[in-house]
1. Filter the stretch 227-251 for residues that are open to solvent by less than 40 Å² (accessible area, probe 1.4 Å) and either hydroxyl-bearing (Ser, Thr, Tyr) or touching a Ser or Thr at 6+ places or on another chain (Cβ under 6 Å) (or both) and give the result.
2. So if I check each of PHE368, PHE391, which one is open to solvent by less than 10 Å² (accessible area, probe 1.4 Å) and either out of contact with any helix residue (DSSP H, G or I) (no Cβ under 6 Å at 6 or more places or on another chain) or part of a loop (DSSP other than H, G, I, E, B) (or both)?
3. Look through the stretch 411-436, keep the residues that are assigned to a helix (DSSP H, G or I) and either in contact with a strand residue (DSSP E or B) (Cβ under 6 Å, 6 or more places away or on another chain) or acidic (Asp, Glu) (or both), and return whichever of them is least open to solvent (accessible area, probe 1.4 Å).
4. Give me the pairs: first residue in the stretch 179-193 and under 18 Å from GLN67 (Cα atoms), second residue assigned to a loop (DSSP other than H, G, I, E, B), beta-carbon distance under 8 Å, and six or more apart or on different chains, which are they?
5. Specify which of the listed residues (VAL17, VAL72) is surrounded by 23 or more Cβ atoms within 10 Å (Cβ to Cβ) and under 29 Å from TRP356 (Cβ atoms).
6. Anything in the stretch 345-365 that is open to solvent by less than 10 Å² (accessible area, probe 1.4 Å) and either part of a helix (DSSP H, G or I) or in contact with a strand residue (DSSP E or B) (Cβ under 9 Å, 6 or more places away or on another chain) (or both)? List them, or say none.
7. In the set THR87, THR91, which member is within 16 Å of LEU195 (Cβ to Cβ) and open to solvent by 10 Å² or more (accessible area, probe 1.4 Å)?
Amino acid sequence: MPGPGSSRIAGASGVQVVWFKRDLRVRDHSPLVEAAADGPLVAIYIYEPDVLTDPYYDASHLRFIEQCLAEVDADLRTLGSMLIRRTGEATTVLASLDRELTPHGGIAALWSHEETGQATTYTRDLRVAQWCRERRIPWHERLQTGVVRRLRTRDGWARRWLDRMKSTPLDAPEYIRSVAGLDSGRPAEPRELSLPDVTRPKALAGGSSRGLRLLDSFLTTRGMDYTRAMSSPLEGWDACSRLSPHLTWGSVSIRQCYHASRDQLSSLRADDRANVEVDPRWFRAISSFEKRLRWRCHFMQKLEDEPDIEFNNMNPAFDGLRDPESDPRLQHAWITGNTGYPLVDACVRALHASGWINFRMRAMLASFAAYHLWQHWKPSADAMAPLFLDFEAGIHFSQFQMQAGVTGINTVRIYSPIKQVADQDPRGEFIKRYVPELEGVPDEFIAEPHRMPLLTQHMAGCIIGSDYPQPIVDHAEAYRAAKDRVFAWKQRPGVRDSSKRVYIKHGSRKSPLRDRLNNKE
């Protein structure tokens, strides 16, 4: 029998409800396609206060979501339907919708994509699953990424990922049977959800059409030098795909990206065979891009397999390496871009302005917090999460742990914020864009402006300690201390065996690390 609160009507077929979560598009959307084939349909987006006020989010995320939803609604209306918006806890909203649909037989089935998210969305999904079971409402969750639920072994994972990507992206339904009489609702305002005003003036805008244009421009014009330029905070701004927010919020699917890259690669090869000149950098760039599509799912799989890594070390053998409580002074200087290390500060300020920075610089920021400041990865990851417009829990927490050296299966890499300037921004172009107080600093001092003689400081219009801070730690001392601590810890009894167990659960099978851990090198 249906559970309490059910609104089933004998003889009524009911309504298919498609719940848009982090899949804000109508193309390559199997829940929408399948539900549309099963009967009248209602498409819903739920503004969940407990999710959107999670510490990992801010108003820039909501703005991107709204831009995606506006396009979803417009696309649905061309198909004969519309998007309805509701605000509240998910099961409460679904129960209310079930009552609204009483004249049509209530909710016949709930449809959505699988989601691999943080604890807030995971526990929400558990509540929704329980709510559906009590009312005997089937909940159909469909695949969206290469993440495999209830994965038993990492062996063969890459092949499974490729098999999923090879299937052809779905077109939108040709027509949707809608349900009349429902209030469409309205977009939520940040203040209604107790969110601060949007603070990312340079953030990308959302929506499938924008995302697909980015994909096309990357594969045809911008991305030729991707393999080399992706490490540069200057060149990476254009040479990187910039698709990560669209993949995070699902305005473009990872399968759409894979097929677009395959199609472009086939076109380039055809040109090459026809003796049409093709720059060889394109082949390397597209290959690198496809590897990073798989890499994305590889890291999300870690959180799917072990949700606890949102909170605790992936490798428990490293528990105690750092104090889990952060130093408020150091943390504040780091997250506001006032460390006295120009490239670190420029990258953080770029995040505040745009919600994006290239991967190499993200790694440097996490490394600086973990090694130079000797801060535990968890408070650092939490503080930086809302700055990323493309915050993806599985990638974010795994990466902060990897850069902090607490996985036991990744190379310990301590980035020098000074060497990175020489490698990536030797003339300080990026630095001066986001740290304007350093505009007059000569190139030879741009990595370490505190080394300028006082006369040079006056000539540059930048007095260290007044216009720009002194370094909050000494690079050489911090580097040596961190290296000694980490490598001494790795020699402790049990660390190696614990690392082997982490590798079996989470390690990439394409890496030679397996041999290293088994003393075969």
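The values are calculated or read from the model by the stated rules, or taken from the named source; none is laboratory data. Computed from a predicted model, the values in this text were never measured in an experiment. Here the Cβ is made from the backbone with ideal geometry for all residues, glycine too, and neighbour counts use every protein chain on show. Note: accessible area is taken over every heavy atom of the protein model, side chains too, but ligands, DNA and RNA are not part of it. Shrake-Rupley method; radii C 1.70, N 1.55, O 1.52, S 1.80 Å.
1. The initial filter retains those residues of the stretch 227-251 that are open to solvent by less than 40 Å² (accessible area, probe 1.4 Å), namely 229-234, 236, 239-251.
Residues satisfying the conditions are SER231, SER232, SER241, SER244, THR248, SER251.
2. Working: PHE368 fails: either out of contact with any helix residue (DSSP H, G or I) (no Cβ under 6 Å at 6 or more places or on another chain) or part of a loop (DSSP other than H, G, I, E, B) (or both).
On inspection, the qualifying residue turns out to be PHE391.
3. Narrowing the stretch 411-436 to residues assigned to a helix (DSSP H, G or I): 419-424, 429-434, 436.
With either in contact with a strand residue (DSSP E or B) (Cβ under 6 Å, 6 or more places away or on another chain) or acidic (Asp, Glu) (or both) added as a condition, the list becomes 423, 429.
Details: ASP423: 77, GLU429: 98 Å².
So the residue we want is ASP423.
4. These pairs meet every condition: SER184/MET82; PRO190/PRO196; PRO190/ASP197; PRO190/VAL198; LEU193/THR53.
5. Values: VAL17 fails: under 29 Å from TRP356 (Cβ atoms).
When all the criteria are applied, what remains is VAL72.
6. Taking the stretch 345-365 first, the residues open to solvent by less than 10 Å² (accessible area, probe 1.4 Å) are 345-348, 350-351, 354-355, 357-358, 361, 363-365.
Within the stretch 345-365, ASP345, ALA346, CYS347, VAL348, ALA350, LEU351, SER354, MET361, ALA363, MET364, LEU365 qualify.
7. Working: THR91 fails: within 16 Å of LEU195 (Cβ to Cβ).
Of the residues listed, the single one that is within 16 Å of LEU195 (Cβ to Cβ) and open to solvent by 10 Å² or more (accessible area, probe 1.4 Å) is THR87.
Matching residues to (1) buried (at least 21 other Cβ atoms within 10 Å of the Cβ); (2) assigned to a helix (DSSP H, G or I); (3) aliphatic (A, V, I, L, M):
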position	(1), (2), (3)
ASP263	no, yes, no
LEU268	no, yes, yes
ASP271	no, yes, no
SER287	no, yes, no
LEU303	yes, yes, yes
GLN331	no, yes, no
LEU343	yes, yes, yes
